[in-house]
Amino acid sequence: MKNKLSRTEAKEKIEDFFKGIKSQSPKEIKKIKKLAMSYNISLKELRKKFCRKCFNPFSGREKIRIKKRVKSTTCQKCRYITRWKVG
Ligand SMILES: [Zn+2]
């Protein structure tokens with residue numbers, strides 16, 4: 001498989017994708033993550049928009065807890081808890 005996109009184009013594609021992530025399927029999210037990885041693009045903040053385990057997009061209704069500067073989000077689908085540092 002050859003990559004037709006330039007790195008900038010890939011980045012734009014990823015950013016666009018994440019704007020409408022709530023209506024995306026886990027399959028598509030996996031794909032876009034692969035794309036980002038193949039271009040060595042770090043998702044940074046965008047990684048927080050979906051579950052690390054089942055790749056389901058977070059709807060915004062998840063249980064979010066902040067404790068000792070660690071924010072955790074519980075996935076509504078698989079109950080996996082995604083944690084990241086804040087501040
Ligand atoms: Zn999940």
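The values are calculated or read from the model by the stated rules, or taken from the named source; none is laboratory data. None of the values given here were measured: they were computed from a predicted structure. So basically every Cβ, Gly included, is an ideal-geometry build from the backbone, and we count neighbours across all protein chains shown. For accessibility, only protein heavy atoms count, side chains too; no ligands or nucleic acids. Shrake-Rupley method; radii C 1.70, N 1.55, O 1.52, S 1.80 Å.
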Condition broken by Trp84, with the remaining ones in (1) touching a residue at least 12 places away in the same chain (Cβ under 8 Å); (2) within 14 Å of the ligand (Cβ to nearest atom); (3) within 14 Å of the chain's Cα centre (by Cα) satisfied
(2)
Scan the stretch 1-20 for residues that are touching a Lys or Arg at 6+ places or on another chain (Cβ under 8 Å) and buried (at least 16 other Cβ atoms within 10 Å of the Cβ) and report the count.
1
Could you please tell me which pairs satisfy a Cβ distance under 6 Å, a separation of 6+ or placement on different chains, a first residue in the stretch 51-65 that is under 13 Å from Ile21 (Cβ atoms), and a second residue that is surrounded by 12 or more Cβ atoms within 10 Å (Cβ to Cβ) and among the hydrophobic types (A, V, I, L, M, F, W, C)?
Cys51/Cys75; Phe55/Ile29; Pro57/Ile21; Pro57/Phe50
Lone unmet requirement of (1) at pLDDT 95 or above; (2) part of a helix (DSSP H, G or I) for Asn40:
(2)
Looking only at the stretch 58-73, count how many residues are more than 10 Å from the ligand (Cβ to nearest atom) and not in a loop (DSSP other than H, G, I, E, B).
8
Are any of the residues in the stretch 74-83 open to solvent by less than 100 Å² (accessible area, probe 1.4 Å), assigned to a loop (DSSP other than H, G, I, E, B), of a type in the set (A, V, I, L, M, F, W, C) and modelled with pLDDT of 95 or more?
yes
Looking at this structure, is Arg47 within 12 Å of the ligand (Cβ to nearest atom) and under 30 Å from Lys4 (Cβ atoms)?
no
Go through the residues of the stretch 52-65 one by one and say whether even a single one is surrounded by fewer than 15 Cβ atoms within 10 Å (Cβ to Cβ), modelled with pLDDT under 95, among the small types (Gly, Ala, Ser) and out of contact with any Phe, Trp or Tyr (no Cβ under 7 Å at 6 or more places or on another chain).
yes
